Amino acid sequence: MEYTNSSRFQPPSLLLMGIPGLEAVQTWFSIPLCIMYVIAYLGNCTIIFVIKTTPTLHEPQYVFLSMLAITDVGLSLSTLPTVLSVFLLNHRQIEFHSCLTQMFFIHTFSSMESAILLAMAFDRFVAIHNPLHYTVVLTPPRITWMGFAAMVRGVVLMAPSPILLKRLPFCKGVFLSHCYCYHPDVMKLACGPVRVNIIYGLSVVFCSFGIDSVFIVISYILILKTVLSIASGDGQLKALNTCFSHIFTVFIFYVPLIMLALIHRFGTFKSPILHVTMANLFLFLTPVLNPLVYSLKTKQIRSAVGKVFRGRGDLLK
């Protein structure tokens, strides 16, 4: 009877989590968070602007990089309001439907980023395995369709998540574990049958991150096979060097994602600092480090960025 009376209950708002037990000093954490947001926005917007305005960078690998930067900006924008609200203003309340909306965008942009990383792995394979046909295989229309497919897949896969959560009653409190809304975190507050939600969540993980990661590994197995067939040692190093930035990006994207999933599967860390750190690594590692890594590692990007800033400096003189 109690379940029947509460079967349609949805809380008007939920409470986001800062750092348990350290609320008095958590405002100081807003300083590095603000710095990371600034780096993420400026870095990724610079990458997008440089690639768009530099004709020599209109190659497939740089077009995919601009797509990755756009996705990182979208992911950062999805989390900015609540993260800074919690740490800077100590305002932890979020309206229920706003929470579902944020959750949708976070998961959608994450799925898009995973798909773009797969496209970038395919790009590296084509460039190394068949460089003479690189621009023939990866034509602008095909690149556009790959980016469009990544966006559509993310939207289609994640659209059911708020709908499935809205049908559930919530009677296990209103306290979330993070400073943003995350599907497993919201789902654990429901007291109704969540089997459909669990099956849906596992299916989404398999159809997006699972399949993408498998094909990324296969791509690099084929890349390694091609590299080992190169007779020159310098040629092998040169070929592998073109993959370093992408390998690093894949690593910093998937490792925090896996660890965040393990937190919700096997429980939380006892240390609140460690818990908050792992939760925020998922948000900040790729948006902050991607533009830095590609700018430092890729000579063409570094040179184009330098020309842009030198040009701005000349205009100010």
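Structure data summary
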read-out: Shape parameters for the range 146-233, alpha-carbon atoms, Rg then Dmax in Å; value: 19.3, 65
read-out: Label-point separation in nm, E95 to V205, each point 7 Å along Cα→Cβ; value: 3.2 nm
read-out: Unpartnered cysteines - no second Cys beta carbon under 4.7 Å - across the chain; value: C34, C45, C179, C207, C243
read-out: When the chain is reduced to its Cα atoms, the Kirkwood hydrodynamic radius in Å; value: 21.3 Å
read-out: Label-point separation, V136 to T56 (7 Å along Cα→Cβ), nm; value: 2.6 nm
read-out: Helix runs (DSSP H) in the chain reaching 24 Å along axis by Cα, Kyte-Doolittle at least -0.5; value: 30-53, 60-89, 96-129, 140-158, 211-228, 244-266, 272-297, 299-316
read-out: Of the chymotrypsin sites (Phe, Trp or Tyr not before Pro) in the range 109-187, those whose Cβ has at most 14 other Cβ within 10 Å and which sit in DSSP loop; value: none
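Where a number appears in this text, it was derived from the coordinates with a stated rule and is not lab data. As the structure is a prediction and not an experimental result, all values here were calculated from the model. Every residue, glycine as well, gets a Cβ built from its backbone with ideal geometry; the counts of neighbours run over all protein chains shown.
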